[in-house]
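To keep things clear, I will list the structure first and then write my remarks on it.
The values are calculated or read from the model by the stated rules, or taken from the named source; none is laboratory data. Model, not experiment: these values are computed from the prediction. Here Cβ is always computed from backbone atoms with ideal geometry, including for glycine, and neighbour counts include all displayed protein chains.
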Amino acid sequence: RPTWDKSSYQPLNLHKSFSDSDLSDPSGSGASDVSDEELVFEENGSEAGSSSFAKQQIEKMWDGFCLEDYISHAKHSLPSSPACRKAHKKEKAWSPRVTVPKPFQMTIREAQKKEQNVKSKSQIELENHLLKKQLEEEAECQKKFRANPVPAAVFLPLYQDIVQRSEERRRSVRERSRLQLLATQKPFKFIERERQRHEARKMQLKELSPPENKIQVFRAKPVPKCVYRADFRDKVREEELCREIRIRMRAEELLRNSSVPNSRLALKETNKKKKHRSTEPKQTERKLKIKSSVPDFELLHEKFQKRLLRQKKVKPLTVCEPFDLCTSYIPSNKDKILKDMQEDEEKLKETRWPFASPRRKPQSGARPHLVGEGKSKPPKTTECTRRRLQALRNNERQRRQEYLQELQEMEERVKQMPLLFERVTQKNARIAAEKYYSNRLRALGICPEFVSKKGGAAKSLPFSTAGDFTS
């Protein structure tokens, strides 16, 4: 902490206030006492030189004050007896004269105070307060400032450490990047450079040589090898025939499953009604018979009311009928699809991958030079190609069998799975059995933890014999 040095205080000159008796008697003992006290105070101030002494003098200012001194002085100034006062009054007689104003005693006192340069108590206290404040400010200004010593942490080389760490980190990053670059380094490739050179050479040739309109010559694709086979046309005819049969069967099936739209049905019903009306014979007009007797309207009204009540009471009841779903009547196309797939496998083996599909008819008019070449030799089939074809057929047949087996297993699982309400009943039965078993164990005094522990021990020892339990 900073230390402060206090300088020596200057002597404090304090003044004492005068009383009324001292003012009335300037040559009295009051002034002498004040002067003596001031001398003593100056001596003490020069010797001690502290503010505590000034405070003590202010506190002892009214010590030794006595009111009797001022009362006795007033008694001496007044006449001694009342008789003298009466005689003095009798001597005075009234005489008409001008009133001369005389000053009051207090104005005289104030004038004397000004002449003697006497200060009041409040002025003295104010001066003492200001003087005391000034001395304190001077003492505060004379104090010397001493700073705290520099902390030891300032002299630590923190910045140098930070710079060194950053340099080490930068060096390690550069080394790691260099190693990574060496690990991923590949030999040079001049493909891009050669491509740019080729493009530049093309541009130069285009600029030098004039543009020529090249005529594109038609080039037909080579004839497939399968066309040269002897049985090619027979297979094409068989494929077309099978396709026509399949289309006809599909059309017949759609015709059987088709139905007339609702709008057409409604139109047919309206047409039937119209025809029925047109065919009905027109009723012959008959003459109305006039009844001579007057009907009983009251009786007719009662009959009408009874009939209305009878019809009102009879209400048609809703009768529940069993559901008649049409799902079972829908014919399944699964067997037909499997049959078609098997026929395609047996008859159209060359249409599957990786063979081309020669479904379109051969254009005999476009190739007149091939008409007389029916005796050309078919392409030679080697043992390797035959084995490859056989392996492909076996793989296809195996995949189809696996697929059918998976479908059959799925159907069996679905059939064996219990229904939802059966599962609920089974679950309720199991919960009831567990509850009954736990209640019986609790009634016998066996806790469930003991049972679970013993059950776990029994599971952990599957090969334990009866002799182990008896022992």
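Residue count for the range 140-188 under the criterion of being free of Cβ contacts under 8 Å to residues at least 60 places away in the same chain and either touching a Cys at 6+ places or on another chain (Cβ under 7 Å) or of a type in the set (Gly, Ala, Ser) (or both): the result is 6. Checked against (1) under 30 Å from Glu59 (Cα atoms); (2) modelled with pLDDT under 85, Lys144 passes all but condition (1). For Val100, the conditions (1) in a helix (DSSP H, G or I); (2) at pLDDT 70 or above all hold with the exception of (1). Of the residues in the range 149-160, not one is loosely packed, with under 10 Cβ neighbours inside 10 Å and assigned by TED's automatic domain parsing to the domain that holds Ile58. Just one of the listed residues (Glu137, Glu199) is in a helix (DSSP H, G or I) and within 30 Å of Ile58 (Cα to Cα), and it is Glu137.
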